[in-house]
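A.B. asks: This is the structure I have questions about; it appears just below.
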Amino acid sequence: MSDSAVVDSPKFELAPYKSLSNDELVARIDAVRGVLGSKLLILGHHYQQDEVVARADLRGDSYQLSQLAASSSDCRYIVFCGVHFMAETADILANRPEKLAERQGVRVPVYLPDMAAGCSMADMAEIDQVEAAWADLGEVIDTEEITPVTYINSAASLKAFCGRHGGIVCTSSNAAAVLDWAFARTRRVLFFPDQHLGRNTALKMGITNAQMPVWDPLADEFGGNSTESLQASRVVLWKGHCSVHQMFTAAHVHQFRERTPGIKILVHPECPQEVNDLADVSGSTGKIIQTVEAAPAGTKWAIGTELHLVNRLKSEHPEQEIHFLSPVVCMCATMYRIDLAHLCWTLENLQAGTPVNRIEVDEETARWSLIALQRMLEVK
Ligand code: SF4
């Protein structure tokens, strides 16, 4: 078996896997898992389909999974059932200098079963756009007075940008602590790519919408803002959003409250402000799960996050009444691309020594990204 190199011609083509039944795919996936044992780590994001999550060794949100990948000592191959930026972060953390030293320089390759599994939010901030915005901001504000903060849901190049410019990465669970860290250093923050997480977090810290202009990378000048509004800003929000969480509205909250007295609204901070303001609880994927787990039997919830996770919570907690907050299907279409066929194809090619779909961050980008990630890890 090859340790990492992706070959031009994999031993197995993808097409035949698509006609196999789920039972056949599961049996073949488990056969590879049996042979590779603890050398293989399959990570499954909470938003994945149930049958994929069931084959994962570890389940979590993007940050938890990267942490788990980074701390595993036995594993020699990671297959990440998530999206592109998550596999990049796993590659950076699993192959950071101290880990490489422990393994005598041997890298742990990370594979993404479908290369088209991207993230529409991450794609809304490209490194050229962020660098152009930084240069434009420098015409009206001293950029020494701005800390760039990127949500972990972003390309490695943006994390590296933050590393180079004294900035930091945040997750949906530590965004407030990260903003505190940033404000202890500079008066202003440039927050990308998710405007909603940035806004919802900063509002709770007493920063007003008037102090949070939105930077549109497609606008002609200064992201569509006046120089005065930028000079008065505390947080410049990037005009990006999650296409899944953006779908929840205040009307959905009102409908549930009218129909079901006593219902509690539990949402992710990637939802728009109008939804967050009305919710009983707003928190990361991990907090949503913990909140449901800790609730007494009979609690009624309308939950605003990705559909697969809500359906799983519903089946795992029959003692509670759990509803999906929106009447329309809000699921992560890119995450959904990872299915049993792609997972089986990836694993059998890995076992055959013709690995496919390796995600590898170049050394320079990884080095600067790691600086921004380590700053985040140091924030309590
Ligand atoms: S749920 Fe939203 S933020 Fe998460 S991977 Fe999908 S598009 Fe990206």
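Read-outs throughout are calculated quantities, based only on the coordinates presented, and are distinct from any laboratory measurement. In this text, all values refer to a predicted model and were calculated from it rather than measured experimentally. Neighbour counts are summed over all protein chains in view; Cβ atoms, including those assigned to glycine, are modelled from backbone coordinates with ideal geometry.
A.B. asks: So how strong a dipole does segment 121-242 carry about its Cα centre when Lys and Arg Cβ are +1 and Asp and Glu Cβ are -1, to the nearest 20 debye?
C.D. replies: Using Cβ point charges on Lys, Arg, Asp and Glu, segment 121-242 gives about 640 debye.
A.B. asks: Given the options Leu266, Ala295, Gln320, identify the residue whose Cα lies farthest towards the positive end of the charge dipole of segment 245-324 (+1 on Cβ of Lys, Arg; -1 on Cβ of Asp, Glu).
C.D. replies: So the residue we want is Gln320.
A.B. asks: For segment 1-122, what does the alpha-carbon gyration tensor say about shape, rounded, prolate or oblate, given a ≥ b ≥ c as the root eigenvalues, a/c under 1.5 as rounded, and a/b over b/c as prolate?
C.D. replies: prolate
A.B. asks: Could you give the alpha-carbon Rg of segment 245-324 over 2.2 N^0.38 Å, rounded to two decimals?
C.D. replies: Relative to the rule-of-thumb radius for its length, segment 245-324 sits at 0.98.
A.B. asks: Still on this model: Counting each DSSP H run of 4 or more residues in the chain as -39500 (n - 2.57), what helix-only mean residue ellipticity at 222 nm follows after dividing by all residues, to the nearest 500 deg cm²/dmol?
C.D. replies: Roughly -12500 deg cm²/dmol at 222 nm, from the helical runs in the chain.
A.B. asks: Rounded to the nearest 5, what % of DSSP beta bridges with both residues in the chain are antiparallel? List each step's numbers first, then the result.
C.D. replies: On the way: 2 of 35 bridges.
In the chain, DSSP labels about 5 percent of beta bridges as antiparallel.
A.B. asks: Determine the alpha carbon to alpha carbon distance for each of Lys264/Lys287; Lys239/Lys287; Lys204/Lys314 and list only those over 19 Å.
C.D. replies: On the way: Lys264/Lys287 15 Å; Lys239/Lys287 25 Å; Lys204/Lys314 30 Å.
Correct reply: Lys239/Lys287; Lys204/Lys314.
A.B. asks: Here's something else I'd like to know. Search the structure for amide H atoms under 5 Å from the amide H of Asn357, placed 1.01 Å from N in the peptide plane, and list their residues when 5 or more places away or on another chain.
C.D. replies: none
A.B. asks: Right, something else. Treating only the Cβ of Lys, Arg, Asp and Glu as charged (+1, +1, -1, -1), what charge dipole size does the chain show about its Cα centre? Round to the nearest 20 debye.
C.D. replies: 960 debye
A.B. asks: Moving on to the next point. For the chain, modelled as a Gaussian network with Cα springs under 10 Å, which listed residue fluctuates most, Thr171, Thr291, Thr334?
C.D. replies: Thr291
A.B. asks: Would you work out if the chain is rounded, prolate or oblate? Take a ≥ b ≥ c from the square roots of the eigenvalues of the alpha-carbon gyration tensor; rounded if a/c is under 1.5, else prolate when a/b is larger than b/c, oblate otherwise.
C.D. replies: Working: a/c = 2.00, a/b = 1.22, b/c = 1.64.
Because a/c hits 1.5 or more and a/b fails to exceed b/c, the chain counts as oblate.
A.B. asks: Also: How much net charge surrounds Ala210 when only other residues with a Cβ under 13 Å from its Cβ are counted (Lys, Arg +1; Asp, Glu -1)?
C.D. replies: Working: positive: Arg199, Arg234; negative: Glu228.
That works out to +1.
A.B. asks: To make sure I understand the rule: partners must be lysines, Cα under 24 Å from the Cα of Lys99, and not fewer than 8 residues away in the same chain. Which ones qualify?
C.D. replies: Candidates past the 8-residue exclusion: Lys39, Lys159, Lys380.
A.B. asks: Also: For a test of the definition: using alpha carbon positions, the gyration tensor, and the 1.5 limit on a/c, classify segment 147-301 as rounded, prolate or oblate. Please report the intermediate quantities before stating the final value.
C.D. replies: Working: a/c = 2.25, a/b = 1.71, b/c = 1.31.
Note, shape of segment 147-301 comes out prolate.
A.B. asks: Moving to a separate point now. What net charge do the residues around Asp280 carry, taking every other residue with its C-beta under 14 Å from that of Asp280, with Lys and Arg at +1 and Asp and Glu at -1?
C.D. replies: Here the count lands on +3.
A.B. asks: Build a GNM of the chain with springs between Cα atoms under 10 Å: which of Gly353, Gly118, Gly44 gets the top mean-square fluctuation?
C.D. replies: Greatest mean-square fluctuation among the candidates belongs to Gly353.
A.B. asks: With 5 Å bins from zero, work out the P(r) of segment 71-221 over every alpha carbon pair and list the percent per bin.
C.D. replies: Each 5 Å bin holds this share of Cα pairs: 2, 9, 17, 19, 18, 14, 10, 7, 4, 1, 0.
A.B. asks: Going by C-beta contacts inside 10 Å, put Tyr336, Tyr77 in order with the fewest on the left.
C.D. replies: Lowest to highest Cβ neighbour count: Tyr336, Tyr77.
A.B. asks: Ile42's amide H: which non-local residues (gap 5+, or another chain) put their own amide H closer than 5 Å, with H modeled 1.01 Å from N in plane and none for Pro or chain starts?
C.D. replies: Asp57, Leu58, Val79
A.B. asks: Search the structure for amide H atoms under 5 Å from the amide H of Thr147, placed 1.01 Å from N in the peptide plane, and list their residues when 5 or more places away or on another chain.
C.D. replies: HN-HN under 5 Å from Thr147: Arg188, Val189, Leu190.
A.B. asks: For the chain, modelled as a Gaussian network with Cα springs under 10 Å, which listed residue fluctuates most, Thr249, Thr186, Thr346?
C.D. replies: Comparing Thr249, Thr186, Thr346 in a Gaussian network model of the chain, the most mobile one is Thr186.
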